[in-house]
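Each value in this text was obtained by applying a stated rule to the coordinates, not by laboratory testing. The structure presented is a predicted model; accordingly, all values stated were derived computationally and were not measured. Cβ placement follows ideal geometry from the backbone for every residue including glycine, while neighbour counts extend to all protein chains displayed.
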Amino acid sequence: QQQVKQSPQSLIVQKGGISIINCAYENTAFDYFPWYQQFPGKGPALLIAIRPDVSEKKEGRFTISFNKSAKQFSLHIMDSQPGDSATYFCAASPSGSNYKLTFGKGTLLTVNP
Amino acid sequence: DAGVIQSPRHEVTEMGQEVTLRCKPISGHNSLFWYRQTMMRGLELLIYFNNNVPIDDSGMPEDRFSAKMPNASFSTLKIQPSEPRDSAVYFCASGIHRRGTEAFFGQGTRLTVV
């Protein structure tokens, strides 16, 4: 059972454009939603995270939008840069067990110069 | 800070052999995770330690897998006997236990079982 569904699998964006990656979840007990960024040959690294008490969180060029009723959340990368080219994973974990992250399958983002 | 250190970076072994993966977490972190990453299944949590004690091993695939954390600065993941389907990248991560724990990942060990 895939509890966190991520789309698209891959995304190509021109430099300066907006990259949008979407995730949907099923478990209503989830209350922590991080996004991780992974470069080839490296481990994932936390990029930004949100809790369901807010609908949006922004950190620099990265924004998470959260829709609790639809059980969906998305990552927006504004002014995308070639250095943003990486694989992005959404994740979710339940209240009381925030260590227990369930990851989406990942989105390979390529930003062309 | 050197981050989470994993060894070896790459391991090739024959089916049936024992494999031991090693991890040194970030100093001061009291949570440690072992993850497995494959194309088919993505990132999966295998086991979670808090203060050196295994808290959740529900992700360990079968009895061939075992993990230990003898002290706060060292953990091992052992596979015995190894099988080709165990081929994957294994990540160790550490963090500080609190609500919304951020996991700091190592660079991973790429395991190939032939």
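Couple of notes before you dig in:
- For the stretch B:14-114, the share of alpha carbon pairs falling in successive 5 Å distance bins from zero is 3, 14, 25, 27, 18, 10, 4, 1, 0 percent.
- The stretch B:1-76 and the stretch A:1-43: distance between their alpha carbon centers, rounded to Å: 24 Å
- Length-normalised contact order of the stretch B:37-101 in % [C-alpha pairs under 8 Å, at least 6 apart]: 25 percent
- Model label zone, A:ALA29; criterion: amide N under 20 Å from point 7 Å along Cα-to-beta-carbon; scope the stretch A:1-21: A:1-5
- Take every pair of alpha-carbon atoms less than 8 Å apart whose residues are at least six positions apart; their mean separation over the length of chain B yields a relative contact order of 37 percent.
- Gyration tensor (Cα) of the protein assembly as shown, equivalent ellipsoid semi-axes in angstrom: 30, 20, 16
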